[in-house]
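Read the structure below first, then the notes.
The values are calculated or read from the model by the stated rules, or taken from the named source; none is laboratory data. Owing to the predicted nature of the structure, the values given are computational and were not obtained by experimental measurement. Don't worry about glycine lacking a Cβ; one is built from the backbone with ideal geometry, like all the others, and counts go over all protein chains shown.
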There are 2 protein chains.
Amino acid sequence: MDDVFAVIMAGGSGTRFWPLSRAAWPKQFLALASNHESLLQQTVRRLAGIVPDDHILVVTSSAHAQATREQLPMLPPGNVLGEPAARNTAPCIAWAAAHVSARSPRAVMAVLPADPHIGDEPAYRDILLRSIAAAQQGGLVTIGVTPTRPETGYGYIEVGETLSPGVERVQRFVEKPDLYRAQRFMSDGSFLWNSGMFFFRADAMLQELATQLPDLAAFADGSRRLLATGQQDAEYARERYAELTSVSIDHGVMEKAADVRVVRGAFGWYDIGSWTTAYELASKDEQRNAVHGAATSLVDSEGCYVRGSGSKVIALIGVRDLVVVDTDDALLIMPRERAQDVRRVVEDLKAKHATQFV
Amino acid sequence: MDDVFAVIMAGGSGTRFWPLSRAAWPKQFLALASNHESLLQQTVRRLAGIVPDDHILVVTSSAHAQATREQLPMLPPGNVLGEPAARNTAPCIAWAAAHVSARSPRAVMAVLPADPHIGDEPAYRDILLRSIAAAQQGGLVTIGVTPTRPETGYGYIEVGETLSPGVERVQRFVEKPDLYRAQRFMSDGSFLWNSGMFFFRADAMLQELATQLPDLAAFADGSRRLLATGQQDAEYARERYAELTSVSIDHGVMEKAADVRVVRGAFGWYDIGSWTTAYELASKDEQRNAVHGAATSLVDSEGCYVRGSGSKVIALIGVRDLVVVDTDDALLIMPRERAQDVRRVVEDLKAKHATQFV
């Protein structure tokens, strides 16, 4: 399938996994669910045999472009696009569409987040192939994951009529629900988790952008013209990127587009959004403690996530459901349920000008 | 008062303040209640002008003798006695009495633990002088502290008749009470905290030992004879110490002696027995957090004791009443109320042969 490109969105800012992630070393570079591969490296490896390396683009912050190239030495360096500013996912996809379009206007783009956990890789690779095939037929395609719990941390997709075997129409996108609604979604059966993975032909996306977000379409068109004539577009992007409409592809395009389709699947998908998810994915002992990278002495302690950074011993006495992350220069302690508040520490440290720690 | 000697008992084993204290670096060497002086150094400094430096003896484990001499360079090195084995306080006092007796048989010995916290030093020095004067009259004298709370972690002294102004007879020693009894002791008015500070003439103690613990009296007598003839007693002690009766001076002598007196006082005395006490003594912010030796980011956190060891940042989110002690090679986290269980970590690490951490 040489008219398929993958676009990996790696725009993480490094706050939710503080202190392991940092502004200079965000989540996608971490081996959160493996002992040897970073989340980004796993995402690329899972494409083997489906998308050739030179058809894999990674869009990341310009500050992380060099580290991204070092993590992915198999990619041509020019395939890593460094965004001059953080403008959410729609500009990122518009820019990537320009690069794909310059090389193959009708190619299918598989747009993938850099950092999900995939528990069942064969099932995932199968659904990738089916989603690419669906996108080759036209329209905008997304993957919807069959819910396995009433999750309030994810967005949902309500599905409508079946268009072809395994492909349904997207009725609407639904924001993160409260627990009551999440439970209703579970029992209803026509709601799927929004995986944030999108598939479309480059020309279809550029056409959709021309309707929904004309400034992004114009930006992409300028970039495509430069690239098509053998020129670079880095300087061009640097001058314009910060002014582009900052909006997610979900809100800016998918929710408004006329023809949006969903391929339904189940492949052990987790959005590793916080230390809570890291705990859920980790292997645990009989007291439900998960330990990584530390010697420990755990006395009367249950349900804790303990992550060290070497030969230190970490001792817990009489605590439950704590997250403990210890690095050389920072230590974080909180109940697992407070994982969403890690950003408050990062903000507090910035306010104190303690930027060496963020 | 050159016929006064101080005997400082520094036999700590370094478990209750793990990981800051270690087997090789026990509590008395730590600056737990000060930024520059260890508990032992404070105990010696508080004697200035009352007991001359060359009359201050320190009895400690032989493993800690050298570090003790380094912490107290003003003492003659021979004044630090290194015990060949841990045998509780009665053998320690018997040995010290032999040393004092060899130099001045009728001298008063002020026997002091190495590691109490004293909040009101002028009041303490006043009661020291009064206790020494009382002991010069004969009998065994102890300091009883007026209780300020129904403390269940201390032993108590029940006082009887008044013998002279400020000196009362000890009716009995009482073990650590439960909360109900501690509250009764508080309201009764005739119960005092047992400070573990004792005052007696060397000859009075040696006579009492001859009655109550004859093996200790015989050991002390042999030591005294060697010293009186200008010989050393280190080899003598090494051969015999491990066989001596292991008993506290409270149980072995004070509770059975006929003439035991108490001097009553209030001088902000704390037995720094655990991290809980260290928290109680520390200065705190508006959320009752006490921080020492670390940069912090404390989000929605109250009543925590945080102790770092340098330039690291320690972040807490949504936790209450935790103790967090971070050193270069060990980290301890527990609720303040579990401080008595630190020894379980030390035992666990020993059982795992992780002796580098204990």
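Miscellaneous remarks
- Test: residue in segment A:207-226 that is at negative phi, of a type in the set (Lys, Arg) and in a helix (DSSP H, G or I): yes
- There is no residue in segment A:28-41 that is of a type in the set (S, T, N, Q), outside the structural domain of A:Val345 (by TED's automatic domain parsing) and more than 22 Å from A:Ile272 (Cα to Cα).
- Residue check: B:Leu129 meets all listed conditions (1) within 17 Å of B:Lys256 (Cα to Cα); (2) at pLDDT 95 or above but one, namely (1).
- Hits in segment B:43-81 - residues which are among the polar types (S, T, N, Q), more than 25 Å from B:Asp3 (Cβ to Cβ) and touching a residue at least 40 places away in the same chain (Cβ under 8 Å): B:Ser61, B:Gln71
- Checking B:Leu349, B:Leu316 one by one, the residue that is within 18 Å of A:Arg344 (Cα to Cα) and not assigned by TED's automatic domain parsing to the domain that holds B:Gly153 is B:Leu316 and no other.
- Every residue from segment B:183-208 that is within 22 Å of the chain's Cα centre (by Cα) and farther than 23 Å from B:Arg106 by Cα: B:Phe191, B:Leu192, B:Trp193, B:Asn194, B:Ser195
- Residue check for B:Val80: modelled with pLDDT of 95 or more and under 15 Å from B:Val111 (Cβ atoms): no
- Every residue from segment A:261-276 that is surrounded by 22 or more Cβ atoms within 10 Å (Cβ to Cβ) and under 19 Å from A:Glu158 (Cα atoms): A:Arg261, A:Val262, A:Val263, A:Gly265, A:Trp269
- Of all residues in segment B:235-250, those that are assigned to a helix (DSSP H, G or I) and surrounded by 15 or more Cβ atoms within 10 Å (Cβ to Cβ) total 6.
- Enumeration of residues in segment B:265-318 that are hydrophobic (A, V, I, L, M, F, W, C) and within 11 Å of chain A (Cβ to nearest Cβ): B:Trp275, B:Ala294, B:Ala295, B:Leu298, B:Val299, B:Cys304, B:Val306, B:Val313, B:Ile314, B:Ala315, B:Leu316, B:Ile317
- Considering residues of segment B:207-224 that are touching a residue at least 60 places away in the same chain (Cβ under 8 Å) and among the hydrophobic types (A, V, I, L, M, F, W, C) only, the residue surrounded by the fewest Cβ atoms within 10 Å (Cβ to Cβ): B:Ala217
- Answer from B:Met74, B:Met9 - the residue that is outside the structural domain of B:Asp326 (by TED's automatic domain parsing) and under 26 Å from B:Arg344 (Cα atoms): B:Met9
- For the residues B:Arg184, B:Arg172, B:Arg201, the requirement of being more than 25 Å from B:Ile8 (Cα to Cα) and of a type in the set (Lys, Arg) singles out B:Arg184.
- Residues of segment B:137-160 that turn out to be in contact (Cβ under 8 Å) with a residue 40 or more places away in the chain and within 23 Å of the chain's Cα centre (by Cα), as a count: 16
- Any hit, segment A:330-341, residues being in a helix (DSSP H, G or I) and either more than 9 Å from chain B (Cβ to nearest Cβ) or over 29 Å from A:Ser301 (Cα atoms) (or both): yes
- Any hit, segment B:311-318, residues being touching a residue at least 12 places away in the same chain (Cβ under 8 Å), out of contact with any strand residue (DSSP E or B) (no Cβ under 6 Å at 6 or more places or on another chain) and surrounded by fewer than 17 Cβ atoms within 10 Å (Cβ to Cβ): yes
- Flag for B:Val260 being under 25 Å from the mean Cα position of the chain (by Cα) and within 14 Å of chain A (Cβ to nearest Cβ): no
- Note on segment B:161-206: residues that are touching a Phe, Trp or Tyr at 6+ places or on another chain (Cβ under 7 Å), in a strand (DSSP E or B) and either without any contact (Cβ under 8 Å) to a residue 40 or more places away in the chain or not aromatic (Phe, Trp, Tyr) (or both) total 4.
- Conditions (1) out of contact with any strand residue (DSSP E or B) (no Cβ under 7 Å at 6 or more places or on another chain); (2) surrounded by fewer than 19 Cβ atoms within 10 Å (Cβ to Cβ); number of the one not met by B:Arg288: (1)
- Looking only at segment B:342-357, and only at residues there that are in a helix (DSSP H, G or I) and of a type in the set (Lys, Arg), the one that is nearest to the other protein chains (Cβ to nearest Cβ): B:Arg344
- Segment A:67-105, residues that are farther than 20 Å from A:Leu227 by Cβ and over 20 Å from the mean Cα position of the chain (by Cα): A:Pro73, A:Met74
- Looking only at segment B:285-298, and only at residues there that are under 21 Å from A:Asp328 (Cα atoms) and not polar (S, T, N, Q), the one that is nearest to the chain's Cα centre (by Cα): B:His292
- Scan of segment B:246-293 for residues that are more than 30 Å from B:Gln212 (Cβ to Cβ) and among the β-branched types (Val, Ile, Thr), ordered by number: B:Thr276, B:Thr277, B:Val291
- Residues that are buried (at least 18 other Cβ atoms within 10 Å of the Cβ) and among the aliphatic types (A, V, I, L, M) number at least 2 in the following strands (runs of 3 or more DSSP E) confined to segment B:1-118: B:4-10, B:56-61, B:80-83, B:108-113.
- Restricting B:Ala258, B:Ala351, B:Ala295 to those that are without any contact (Cβ under 8 Å) to a residue 40 or more places away in the chain, crowded, with 19+ Cβ neighbours inside 10 Å and more than 20 Å from A:Leu322 (Cβ to Cβ) reduces the list to B:Ala295.
- Criterion violated by B:Ser297 - all others in (1) under 30 Å from B:Ile118 (Cβ atoms); (2) touching a helix residue (DSSP H, G or I) at 6+ places or on another chain (Cβ under 7 Å) satisfied: (1)
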